1. Right, residue 149: at pLDDT 90 or above, over 19 Å from residue 67 (Cα atoms) and assigned to a helix (DSSP H, G or I) or not?
2. Does at least one position in the range 147-154 carry a residue that is under 22 Å from the mean Cα position of the chain (by Cα) and under 30 Å from residue 211 (Cα atoms)?
3. Here are some conditions: (1) buried (at least 19 other Cβ atoms within 10 Å of the Cβ); (2) at pLDDT below 85. Residue 169 meets all but one. Which one does it not meet?
4. Output the residues belonging to the range 224-244 that are in contact (Cβ under 8 Å) with a residue 12 or more places away in the chain and farther than 17 Å from residue 157 by Cβ.
5. Given the options 155, 141, 137, 160, name the one that is surrounded by fewer than 21 Cβ atoms within 10 Å (Cβ to Cβ), touching a helix residue (DSSP H, G or I) at 6+ places or on another chain (Cβ under 8 Å) and over 19 Å from residue 245 (Cα atoms).
6. Criterion first (surrounded by 15 or more Cβ atoms within 10 Å (Cβ to Cβ), at pLDDT below 90, assigned to a helix (DSSP H, G or I) and on the phi < 0 side of the Ramachandran plot) does residue 215 satisfy it?
7. With respect to residue 174, determine if the residue is more than 25 Å from residue 189 (Cβ to Cβ) and either part of a helix (DSSP H, G or I) or at pLDDT below 95 (or both).
8. Quick check on my filter: what residues within the range 68-92 are at pLDDT below 70, buried (at least 22 other Cβ atoms within 10 Å of the Cβ) and either over 11 Å from the mean Cα position of the chain (by Cα) or part of a helix (DSSP H, G or I) (or both)?
């Protein structure tokens, strides 16, 4: 199979379709790489991290119980920092585009699937965040985000199917990581890859896989954790679309 080097996200999605039988099931509004490039010349680039920080604070509030749980805290921290959080995933995604052909021969399909699903998640989240910032600017609330302004922007953006997909991708990534923890050689393989990954400039990719594996290994079963996250995010999404006066999640 011949793989062509193209944009990070489309490259990863083509590899995913070829290698693990997955078909990209959402219409990308624009590659995350292009969205970030546009922000580099934006006159108010600080609006994007401001939104991400607001969303991260909401998530930390919504999942305070999981963060306080000895069993679930590592997985909750991983989700809030490496999937939903304000972290910049550009380095990880660029590394993935560079080494997918090699990793096909090194990583099990499920480990590669985890990385590819994370790139899908990043692409979709960047697109949704861009739309949210535009809506907040239009309302004059980009510099002072509060819950009513957030709800109004969320509803203005629409894109319910993309919001549903975002929640589904979190579930997919979690289930794939959970399955990885049941593969006895993965722990050894990840530790063995640490040194070479550093020398090859692939620290972000390796850290993502290692951190996710470690977090889910400690949990010893992800079904309840993923069910809680899925149920809460779905309930909040439905409430936001149904009620313009939706209250802040308790």
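The values are calculated or read from the model by the stated rules, or taken from the named source; none is laboratory data. What you see is a predicted model; the values in this text were computed from it and never measured. Using ideal geometry, Cβ is built from the backbone for each residue, glycine included, and neighbour counts are taken over all protein chains shown.
1. Judged against the criteria, residue 149 is a match.
2. No, there is no match, as no residue in the range 147-154 is under 22 Å from the mean Cα position of the chain (by Cα) and under 30 Å from residue 211 (Cα atoms).
3. Failing condition for residue 169: (2).
4. Scanning the range 224-244 gives 225, 226, 228, 229, 230, 232, 234.
5. Exactly one of 155, 141, 137, 160 is surrounded by fewer than 21 Cβ atoms within 10 Å (Cβ to Cβ), touching a helix residue (DSSP H, G or I) at 6+ places or on another chain (Cβ under 8 Å) and over 19 Å from residue 245 (Cα atoms), namely 137.
6. So residue 215 does not fit the description; no.
7. It is false that residue 174 is more than 25 Å from residue 189 (Cβ to Cβ) and either part of a helix (DSSP H, G or I) or at pLDDT below 95 (or both).
8. 92, the sole residue that qualifies.
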